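Please treat every number below as a calculation from the coordinates, not as lab data. Given the structure is predicted, the values throughout are model-derived calculations rather than measurements. All Cβ positions, even for glycine, are placed from backbone atoms using ideal geometry, and neighbour counts span all protein chains on display.
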Amino acid sequence: MKFRTRAIHVGNEPDPQTGAVVPPIYLATTFIQPGVGEWGEFDYSRSGSPTRKNVETTIADLESGTNALLFASGMAATHCVTMLFQKGDHIIANRDLYGGSYRLLHKICDRSGIEVTLVDVNQPEELKAALRPQTKLLWIETIGNPLMSIPNIRQCVAFAREHNLLLGVDNTFASPALCRPLELGADIVMHSATKYLGGHSDCLVGALVTADPELHKRLYFVQNACGSACGPLEAYLLGRGMKTLEIRMREQCRTAMQIAEHLSQHPKVTRVLYPGLKTHPGHELAREQLNGMFGTMMSFEVNGDLAATKMVCKSTELFGLAVSLGAVESLIAHPATMSHASYAPEARAAAGISDRLIRLSVGLEDPEDLIHDLNQALSKI
Ligand SMILES: *Cc1c(COP(=O)(O)O)cnc(C)c1O
């Protein structure tokens with residue numbers, strides 16, 4: 001079956017008892033045992049629940065994995081990966097990194113003696129220079145944030161295999177509709193399912209997907225021990241959102257392309273970062289890795305100072321000034337004070353995130369309305 005069909009049917013079998021076409025939401029936290037010392041498939045909902053299991057089945061399938069785990073948030077999922085390691089271990093991550101992951105790696109993992117080096121993974125010398133005997137994990141994002149950098153996934157797979165590292169890919173910005181890193185040889189796919197997978201800004205969920213049952217068991221052990229699974233209502237909303245993932249992505253990517261082209265012609269815009277534009281340094285790699293689409297996220301800078309930048313951010317009417325992304329509602333954000341505020345100022349500068357950078361998440365509204373909204377906001381400067 002094709003992707004869109006699987007998104008609707010896998011993990012969504014009709015309820016055998018009632019015939020309901022939508023599986024019920026199981027709120028139960030505990031499950032009757034078949035006998036003393038005997039265990040059924042479920043016993044306690046921290047360890048597993050039927051609703052979570054259904055949605056894990058869907059996402060594992062869409063990512064071409066064998067197993068998935070759902071978490072209370074994307075950060076809980078990433079944290080679970082880092083808990084595979086211990087004092088003295090070392091992680092290499094791509095520099096164009098989600099602000100929350102930066103904070104987790106630099107301000108939480110360091111407390112347990114896990115060290116982190118940020119590099120541009122597309123520079124082989126930088127990668128090699130960062131490598132240590134204690135390096136255990138290479139961590140990348142399919143589309144980097146907020147500069148929309150595109151890491152060469154195949155090259156990262158080769159490097160990870162050569163040096164016996166796990167390769168973890170935060171696939172939030174692409175979603176499995178655009179890229180399936182496990183098919184390319186990655187070990188772990190992570191999602192903030194809060195974003196495209198849920199798609200409606202109404203459920204906070206994280207996910208890890210693997211294609212190796214042994215690795216899944218190690219991650220499950222950490223998840224169960226730490227108690228970071230998501231609740232049944234969130235799992236249900238995620239499953240519902242994923243049914244329309246592909247069609248939402250396709251349409252939102254098309255609109256994003258139109259907006260990126262429009263902005264790059266706009267007299268008040270000095271720079272547009274969108275992988276769909278030939279001027280973007282990651283354009284060729286994006287063409288190879290993203291299934292003919294280029295995502296719905298872009299960043300741009302206006303011809304003006306910080307005050308002008310802020311004026312644009314607060315003047316849009318359809319683009320809501322808010323963090324997060326990937327939903328049907330379009331959003332506008334100022335990375336330096338919002339998503340990347342947890343970076344040290346020098347780290348922000350080193351990562352190329354200027355105070356004048358504006359980020360858009362393009363939603364499912366009509367493209368003409370969105371372009372009109374950006375035009376009126378830009379006319380304020
Ligand atoms: C939002 C986000 C996260 C964190 O996910 P939460 O669900 O907010 O905890 C991680 N990575 C990326 C790329 C994100 O956009």
Q: Could you list M242, M75 in order of exposure, starting from the residue whose Cβ has the fewest other Cβ atoms within 10 Å?
A: M75, M242
Q | Partners for K53 among aspartates and glutamates (Cα-Cα distance below 15 Å; same-chain residues under 8 apart left out) | A | E13, D15, E41, D43, D61, E234
Q. Among H372, T210, A349, whose Cα sits farthest toward the positive end of the charge dipole of the chain (+1 at Cβ of Lys/Arg, -1 at Cβ of Asp/Glu, about the Cα centre)?
A. A349
Q: Rounded, prolate or oblate: pick one for the chain, where a ≥ b ≥ c are the square roots of the eigenvalues of its C-alpha gyration tensor, a/c under 1.5 means rounded, and failing that, prolate if a/b is larger than b/c, else oblate.
A: oblate
Q: Would you kindly state how much longer the chain becomes between K217 and I381 on full extension, computed as 0.36 nm times their sequence separation minus their alpha carbon distance, in nm to one decimal?
A: 53.6 nm
Q. Taking only C-alpha pairs under 8 Å that are 6+ residues apart, what is the relative contact order of the range 245-378 in percent?
A. 27
Q | Residue-span extension gain [E183 to K107] - 0.36 nm each, minus C-alpha spacing | A | 24.1 nm
(Q) I'd like the Karplus ³J(HN,Hα) series for the range 168-176: coefficients 6.51, -1.76, 1.60, θ = phi - 60°, whole numbers in Hz, and an x wherever there's a Gly or Pro. (A) x, 10, 7, 9, 4, 6, 9, 6, x
Q) How would you order 165-177, 129-141 from highest to lowest mean count of nearby Cβ atoms within 10 Å? A) 165-177, 129-141
**Q.** Theoretical FRET efficiency, 1/(1+(r/R0)^6), r = Cβ-Cβ of T270 and R250, R0 25 Å, to 0.05
**A.** 0.25
**Q.** Per-residue Cβ neighbour rank within 10 angstrom, fewest leading, Y274, Y98, Y236
**A.** Y236, Y98, Y274
Q) Roughly what would the spin-label model give for Q258 and C226, points 7 Å off Cα along C-beta, in nm? A) 4.2
(Q) What's the magnitude of the charge dipole for the range 3-242 around its Cα centre, counting Lys and Arg as +1 and Asp and Glu as -1 at the beta-carbon? Answer in Debye, nearest 20. (A) 320
**Q.** Restraint check, K195/K314; K195/K278; K87/K128; K2/K195; K128/K310; K2/K278, Cα-Cα greater than 28 Å
**A.** K128/K310; K2/K278
Q) Under a GNM of the chain (C-alpha, springs under 10 Å), which listed residue has the highest mean-square fluctuation: G144, G295, G40? A) G40
Q. In deg cm²/dmol and to the nearest 500, what is the mean residue ellipticity at 222 nm of the chain if only DSSP H runs of at least 4 residues count, each as -39500 (n - 2.57), divided by the residue total?
A. -10500 deg cm²/dmol
Q) Applying 1/(1 + (r/R0)^6) with R0 = 30 Å to the Cβ-Cβ distance of E126 and T337, what FRET efficiency is obtained, to the nearest 0.05? A) 0.60
Q: Starting with the fewest neighbours, write out R52, R250, R111 ranked by other beta-carbon atoms found within 10 Å of each beta-carbon.
A: R111, R250, R52
Q) By DSSP, what percent of the beta bridges with both residues in the range 3-242 are antiparallel, rounded to the nearest 5? A) 45
Q: Calculate the spin-label point distance for K314 paired with V36, positioning each point 7 Å from the Cα along the beta-carbon direction, and give it in nanometres.
A: 6.9
**Q.** Residue-span extension gain [E368 to R6] - 0.36 nm each, minus C-alpha spacing
**A.** 127.1 nm
**Q.** Mean Cα-pair separation over length for the chain, i.e. relative contact order, pairs under 8 Å, 6 or more apart, %
**A.** 17
